[in-house]
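Undergrad: Encoded as structure tokens, here's the structure I'll be asking about.
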Amino acid sequence: MEATEGHPPAGVTGRKYPPFALYLGLFFLLLCVNTLLAKFAVFSFAFGPGISSFYIVVALMVVFALWFGMWGAVAAYGGCFVGAGLLSGIPADVSLYWSLADFWQVLIPLVAFRCLSADPALRNRRDIAIVLVFGVLLNNICGALWGSATLALGGIIPWNTIGSAFIAWWLGNCIVCLILVPTILYIFTPLVRTHELFIETWWT
């Protein structure tokens, strides 16, 4: 079918996707940012091995995933694995599965936003409710449960300290996400959306 004036042919969105190399560059940039901030948070606000009472990077990880899809989610895992894990003294074999905590914390809001067709710019009450439920509460509950349990499983913390580790992890992350995630999304999403690397779906 030929395009009519001012409109692309049927089945064509008209959007030109960036080269794959740009997505890789974006991934490594996000990975570096996440790694450095994860290391800083765990070093500066340490509650225990790999646990920060003020893990500020988790808010950025959530935002990056909502802006850049799975590239942001995988970068969150890598940043945790290196920054909060290896550079903080957690053995590589434990960090491999322990770092999934940060992956769950960003994947849950990403899946919720994509499947429920929510707008990261938070244009209405429904979008705000979705980010609060899936980007502040549930994601951090899952991350804190996974993180504290796998630290005990890996012998990094005693089993009888899982409760305190969970509370410190979940409460700290909730406060950070509650303050930063909605604010950053509301203010900056309209600007980021104009860039070609902004991802509406999962990978492109």
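Undergrad: Kindly provide the set of residues from region 155-189 that are of a type outside the set (A, V, I, L, M), out of contact with any Phe, Trp or Tyr (no Cβ under 9 Å at 6 or more places or on another chain) and in a helix (DSSP H, G or I), ordered by number.
TA: Once the filter is applied, which keeps residues that are of a type outside the set (A, V, I, L, M), out of contact with any Phe, Trp or Tyr (no Cβ under 9 Å at 6 or more places or on another chain) and in a helix (DSSP H, G or I), region 155-189 yields Trp159, Asn160, Thr161, Gly163, Phe166, Trp170, Cys174, Cys177, Pro182, Thr183, Tyr186.
Undergrad: Quick test for you: out of Leu22, Leu66, Leu30, Leu60, pick the one residue that is more than 25 Å from Leu178 (Cβ to Cβ), part of a helix (DSSP H, G or I) and touching a residue at least 40 places away in the same chain (Cβ under 8 Å).
TA: Sole residue among the options that is more than 25 Å from Leu178 (Cβ to Cβ), part of a helix (DSSP H, G or I) and touching a residue at least 40 places away in the same chain (Cβ under 8 Å): Leu22.
Undergrad: Just to be sure I understand the filter: pairs with C-beta atoms under 6 Å, separated by 6 or more residues or on different chains, first member in region 85-104 and part of a loop (DSSP other than H, G, I, E, B), second member modelled with pLDDT of 90 or more and surrounded by 20 or more Cβ atoms within 10 Å (Cβ to Cβ). Which pairs pass?
TA: Within 6 Å, the pairs are Ser99/Tyr77; Ser99/Cys80; Ser99/Phe81.
Undergrad: I would also like to ask the following. Could you tell me whether any residue of region 43-56 is in a helix (DSSP H, G or I), among the aliphatic types (A, V, I, L, M) and at pLDDT 85 or above? Working first, answer last.
TA: Let us first name the residues in region 43-56 that are in a helix (DSSP H, G or I), namely 43-44.
Still in the running and among the aliphatic types (A, V, I, L, M): none.
No; the residues of region 43-56 include none that is in a helix (DSSP H, G or I), among the aliphatic types (A, V, I, L, M) and at pLDDT 85 or above.
Undergrad: Still on this model: Taking the criterion of being within 20 Å of Thr150 (Cα to Cα) and in contact with a Ser or Thr (Cβ under 6 Å, 6 or more places away or on another chain), would at least one residue in region 66-74 satisfy it?
TA: No, there is no match, as no residue in region 66-74 is within 20 Å of Thr150 (Cα to Cα) and in contact with a Ser or Thr (Cβ under 6 Å, 6 or more places away or on another chain).
This table checks each residue for (1) touching a helix residue (DSSP H, G or I) at 6+ places or on another chain (Cβ under 6 Å); (2) under 25 Å from Leu30 (Cβ atoms); (3) among the polar types (S, T, N, Q).
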site	(1), (2), (3)
Leu137	no, yes, no
Gly143	yes, yes, no
Gly154	yes, no, no
Pro158	no, no, no
Leu171	no, no, no
Val192	yes, yes, no
Leu197	yes, yes, no
Thr204	no, yes, yes
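The values are calculated or read from the model by the stated rules, or taken from the named source; none is laboratory data. Just so it is clear, the model here is predicted, and its values are computed rather than measured. Please note: Cβ atoms are built from the backbone with ideal geometry, for glycine as well, and neighbour counts cover all protein chains shown.
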